[in-house]
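*Asks:* Questions regarding the structure given below will be posed in turn.
The values are calculated or read from the model by the stated rules, or taken from the named source; none is laboratory data. Predicted, not measured: the structure shown is a model, and the values here were computed from it. So basically every Cβ, Gly included, is an ideal-geometry build from the backbone, and we count neighbours across all protein chains shown. Just the protein is used for accessible areas: all its heavy atoms, side chains included, with ligands, DNA and RNA removed. Shrake-Rupley method; radii C 1.70, N 1.55, O 1.52, S 1.80 Å.
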Amino acid sequence: MLLSSAMILNAMSLPVFAEENSIIQQSESGFYYIEENGDQVRLSNKTEDGFLEVDGLYFRDLDKDGELDVYEDWRAEQETRVQDLLAQMTPEEKAGSLIFACVFGSNGSTVTDFGENQDQSHGGVTAKGTPYLSDPEACLYGTEPYVDVEGSKVVPMEYQIKEAKTTTFIAALTGNPKDQLDLFNSIQAIAEESRLGIPCVFSGDRSYNTWGGMIDMPHYAFGIAHDEDLLYNLVSEYSKESAALGYHQVFHGYGNEIGSFYGDDPNYIAKMSAIETNAYQDNGWSAHSKHFIARGGRNSYMKAKSPADLIDSWMVGWKAVVDADTHYIMTNNAEGVTEGVQGYMDKDTYDLLREDLGYEGVVCLDWPLDISRIMGNTGITSDGVDISTLSAVERYAMILNAGVDMFSCYGAILGTDIEAYAEEVSNRAFPDIIVQAVNEGLVTEEDFNEHVARVLRNKFELGIFEDPYSDWSDALDLIGSDAYKAEPFAVLSNEEINTARRSEITEMEEELMVKSIVLLKNDNNILPLAEGAKVYVDGSAENIKESDTAALGEHGTVVDTMEEADVCVFHVTTFDDNYYYMIEDAQAAGKPIVLIFEGTVSLEPGLEQVEACDAILMQTFANTPDHGSSVGSFYRYTTPAITADMLFGEKEPAGSTLYETAYNEEDYTLSWGELQNDIGVDTETRLYMAMLAKENPTIDMANNLGDVLWTTDYGMSYSKPADIELSLLSVPQTTEEREVESFWGMSMETVAVTEVQKAGVPFEINFVAKNNGADGHMTVQVMDGENVAAEKFVALDEGQFRVISVELTLEAGEHVITVGDMSETIVVE
């Protein structure tokens, strides 16, 4: 019966041609397609004879045998298709599918000729940015392991796909949208010609690469904005556009790591990471969350690891992305949970992911993981294996058996001679070593097939076995403005890109700019500035100064000298010598200073800036492309017009901090990177907090326990003032025995007394600051009689109270110490 059914099915599997069937249409992008209609799904193919008709429905003949295989049948269950394809794959094809390589062997290729407008310094691709433009035929259709193009060693796509059997690639392309789309279609056509027609997956580090190498997603700004809907909606639009061009996944999110774009509160990390993951995957993309357990932001996992070992706190964010079904997870190329052992070779590390969190998706090594680095690993695993004694095949097997599926590289190379590979191209992976590991029984056939099946499931889920090609007219309708649709043009500036793309994206980005600006300080309500104010403008870069000068000139008068100014506005990205010269000159001129600082995850203003500046605005919107080349003359930060509107009160800052800011470097260094809100606390409090987190990783940890410059969730506004009151002044106490008279007579009693201090020796006093208003600050003066003994900048969230410490050093004598309306007498000897 089965044989008869198969014969009937084969008899009904008929190749069809466009000239014979009006259902098959030709795209302007050079491929053939069948539209979705009723039960029929959309199909696309490079060749017109690549379709089969069965029972009135159409399918792609991927293996080109004129028959409908199960894996070609989009009506079949996904897992059934996966297993059918697996059964037809050779060991070499399976091993090749476990290689994650790079288009042309470079993490960042340029596909549009921008002439002199291109900057290839970013991402280390100076020698690899332009080969495709010089010789596209060699880059695409070369059949050798590499070709030399203009002095660059290129790994051709035909070799990678047909010889090395690789079908997953980094493609952080720099170029116009159409050029990116056309290249992807060309590569998919090569994959279509392979024995089984397995389509390619294209990925990259940029969450928004529609305008490749021009702008990217402003990741940190989303964390600061604290707007869940805006995160989902804007990332969704980025994802739709990238998917329309032919991208399939992105190497994000990154915010699921403690100390990255979403701060160090595990609950906030989990919430925002899940939203970001869903925004990608609800809109045609795969998320590739990174880096398990953590590579960095502020800290790598090992650098942040504390004596408390709060591994469960790290898992809160990771559980969120696993529960959101992130399709891929990238490793961290550093130590895992087993001391001294690389995480990707440590089964104990990936058991946390696979067993404890139940992750069933693809795990891929980070880049670039050269074989020399793998061979250089040492350490003793928890079951006693000395990694230093292992051969290359044993190390590959250990990586697979740990729970990793894919090997990262610039390109695959055939054979197992790891000594000779360096003569070809660096950062290669060896699929034949994977086959060797299976043949020698170091990796079981069952596990081998499951590694491959995970990769194939993702391809099927993306729908690219049916529809791998992208149509430019469809993509243009999605990404472009009416002006760009009418006549696409080169985009090399902010003005041009905002003219070219959809207004709804620009509007959401401008909303994000406003919501990601944090007002940290505003002495005497110097902001907003009065319309028409005389402003002296300077910045850490000439383009910033020029842009601010033009924008602020729309509201005030920009003057040439500080002496003419009512206020100095300094806009900087770092605190270098130029910044200090600005500050010194303004102070010498006696002018108030407004500082605009471009904050990042690891760089923010501190006490030095608080003491020097009258107002501080921290902007966090930055869209510099991640990895690869960058082009044009783009302004990478908050639009100068929005900055000017903010300074003059037409807009109001709405962002709030993700991290505490320490008063000094020592407090920051002593904090534990994996423990939230412990900057400026004493040891006893830190240990108590660590135990709270250890027993409940999702605890809502208080953010008012440390003595810090700014707490988390802090951000002032113009319209809502703070209302800070001071209470509970406390000076150092001790005890002494005193004779007291009672009903029963005289007796000795221990009483608390103010401690006598030593002249010239520092000591601390404490008091409570409580904010009954909105986020804000005050400078607290500690008076010694009529003299100011000390001052301290105190900033508080809305409704927050904190214990404030102030260090005093006094001369001998009796001192009346006053804070606000509270006083205590201290004797100094």
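*Asks:* How much accessible area per residue does the chain have, in Å², with a 1.4 Å probe?
*Replies:* 39 Å²
*Asks:* Which whole-number percent is the relative contact order of the chain (Cα, under 8 Å, 6+ apart)?
*Replies:* Across the chain, relative contact order equals 12 percent.
*Asks:* On the first, second and third principal axes, largest extent first, how far apart are the outermost C-alpha atoms of region 351-397 in Å?
*Replies:* Here the spans come out as 31, 28, 15 Å, largest first.
*Asks:* Okay, moving on. What are the ³J(HN,Hα) couplings of region 428-442, residue after residue, when phi is run through the Karplus curve with 6.51, -1.76, 1.60 and θ = phi - 60°? Round to Hz, x for glycine and proline.
*Replies:* The phi angles translate into 9, 10, 10, x, 5, 6, 5, 4, 4, 4, 5, 4, 8, x, 6 Hz.
*Asks:* Got a sec? Charge dipole of the chain, +1 on Cβ for Lys and Arg, -1 for Asp and Glu; which of Ile371, Ile679, Pro307 is way out at the positive end?
*Replies:* Positive-end residue among those listed: Ile371.
*Asks:* Within region 436-569, how many Lys pairs that are eight or more residues apart, or on different chains, come under 28 Å at the alpha-carbon?
*Replies:* Summing the qualifying lysine pairs gives 5.
*Asks:* What number, in nm² with one decimal, is the all-direction average of the projected area of the convex hull of the alpha-carbon atoms of region 417-519?
*Replies:* Orientation-averaged projected area of the Cα hull: 13.9 nm².
*Asks:* Might you report the magnitude of the Cβ-based charge dipole of region 369-445 about its Cα centre, with Lys and Arg at +1 and Asp and Glu at -1, to the nearest 20 debye?
*Replies:* With Lys and Arg at +1 and Asp and Glu at -1, about 200 debye.
*Asks:* Considering the options Ser106, Val155, Ala420, tell which one lies farthest towards the positive end of the dipole of the chain, charges being +1 on Lys and Arg and -1 on Asp and Glu at the Cβ, about the Cα centre.
*Replies:* Most positive-ward Cα: Ala420.
*Asks:* Applying the Karplus parametrisation 6.51 cos²θ - 1.76 cosθ + 1.60 with θ = phi - 60° to the phi angles of region 138-152, what ³J(HN,Hα) value in whole Hz is obtained for each residue in order, glycine and proline being reported as x?
*Replies:* Result, ordered by residue: 5, 5, 8, 10, x, 10, 9, x, 7, 10, 9, 10, 6, x, 9 Hz.
*Asks:* Tell me, what does the Kirkwood hydrodynamic radius of region 315-403 come to in angstroms if you use every pair of distinct C-alpha atoms?
*Replies:* After inverting the mean inverse Cα-Cα distance, the result is 13.4 Å.
*Asks:* Lys/Arg Cβ at +1, Asp/Glu Cβ at -1, dipole of region 215-267 taken about the Cα centre: which of Leu230, Pro218, Ala243 is farthest positive-ward?
*Replies:* Of the candidates, Ala243 comes out farthest on the positive side.
*Asks:* Also, quick follow-up: Note down the magnitude of the dipole of the chain about its Cα centre, charges +1 on Lys and Arg C-beta and -1 on Asp and Glu C-beta and zero elsewhere, to the nearest 20 debye.
*Replies:* Result for the chain is approximately 940 debye, rounded to the nearest 20.
*Asks:* With axes computed from alpha carbons, what is the tilt in degrees of helix 503-515 against the longest principal axis of the chain, rounded to the nearest 10 within 0 to 90?
*Replies:* 30 degrees
*Asks:* Taking a temperature of 37 °C and a viscosity of 0.692 mPa s, what whole-number D in µm²/s does Stokes-Einstein yield for region 493-624 with Rh from Kirkwood over alpha carbon pairs?
*Replies:* 209 µm²/s
*Asks:* Among the trypsin sites (Lys or Arg not before Pro) within region 171-211, which fall in a DSSP loop and have no more than 14 other Cβ atoms within 10 Å of their own Cβ?
*Replies:* Arg195
*Asks:* Restricting to bridges with both residues inside the chain, how much of the DSSP beta-bridge set is antiparallel, in percent to the nearest 5?
*Replies:* In the chain, approximately 65 percent of DSSP beta bridges are antiparallel ones.
*Asks:* 5 Å is the cut-off here: which amide hydrogens, built 1.01 Å from N in the peptide plane, fall below it relative to Val363, excluding neighbours closer than 5 in sequence?
*Replies:* Ile329, Asp405, Met406
*Asks:* Rank-order 729-735, 349-355, 30-36, 270-276 by packing density, defined as the average count of other C-beta atoms within 10 Å over each peptide's residues, highest first.
*Replies:* The densest-packed peptide leads the list: 270-276, 349-355, 30-36, 729-735.
*Asks:* Relative to the compact-globule scaling 2.2 N^0.38 Å, provide the ratio for the alpha-carbon radius of gyration of the chain.
*Replies:* After normalising by residue count via 2.2 N^0.38 Å, the value is 1.11.
*Asks:* Still on this model: Compute the long axis of helix 683-695 from its Cα atoms, compare it with the longest principal axis of the Cα atoms of the chain, and write down the angle in degrees, 0 to 90, nearest 10.
*Replies:* 40 degrees
*Asks:* What does the charge dipole of region 249-375 about its Cα centre add up to, to the nearest 20 debye, if the Cβ of each Lys and Arg holds +1 and the Cβ of each Asp and Glu holds -1?
*Replies:* 360 debye
*Asks:* Still on this structure, please answer the following. Cα-based Rg of region 306-365 per 2.2 N^0.38 Å, rounded to two decimals?
*Replies:* Relative to the rule-of-thumb radius for its length, region 306-365 sits at 1.09.
*Asks:* In bins 10 Å wide, starting from 0, what share of all Cα pairs of region 691-827 does each bin hold, as a percent?
*Replies:* Percent of pairs per bin, in order: 11, 31, 26, 20, 10, 2, 0.
*Asks:* Also: Over 29 Å between Cα atoms, which of Lys240/Lys271; Lys153/Lys347; Lys694/Lys720 qualify?
*Replies:* Lys153/Lys347; Lys694/Lys720
*Asks:* While we're on this one: For region 159-169, in order, what is each residue's ³J(HN,Hα) by Karplus, 6.51 cos²θ - 1.76 cosθ + 1.60 with θ = phi - 60°, in whole Hz (x at glycine and Pro)?
*Replies:* For region 159-169, the Karplus curve yields 5, 4, 7, 8, 8, 7, 6, 8, 9, 10, 9 Hz.
*Asks:* Ok, one more. Given the DSSP H assignment, sum -39500 (n - 2.57) over each helix run of at least 4 residues in the chain and divide by its residue total; what's the result at 222 nm in deg cm²/dmol, nearest 500?
*Replies:* Using -39500 (n - 2.57) per qualifying helix, the result is -9000 deg cm²/dmol.
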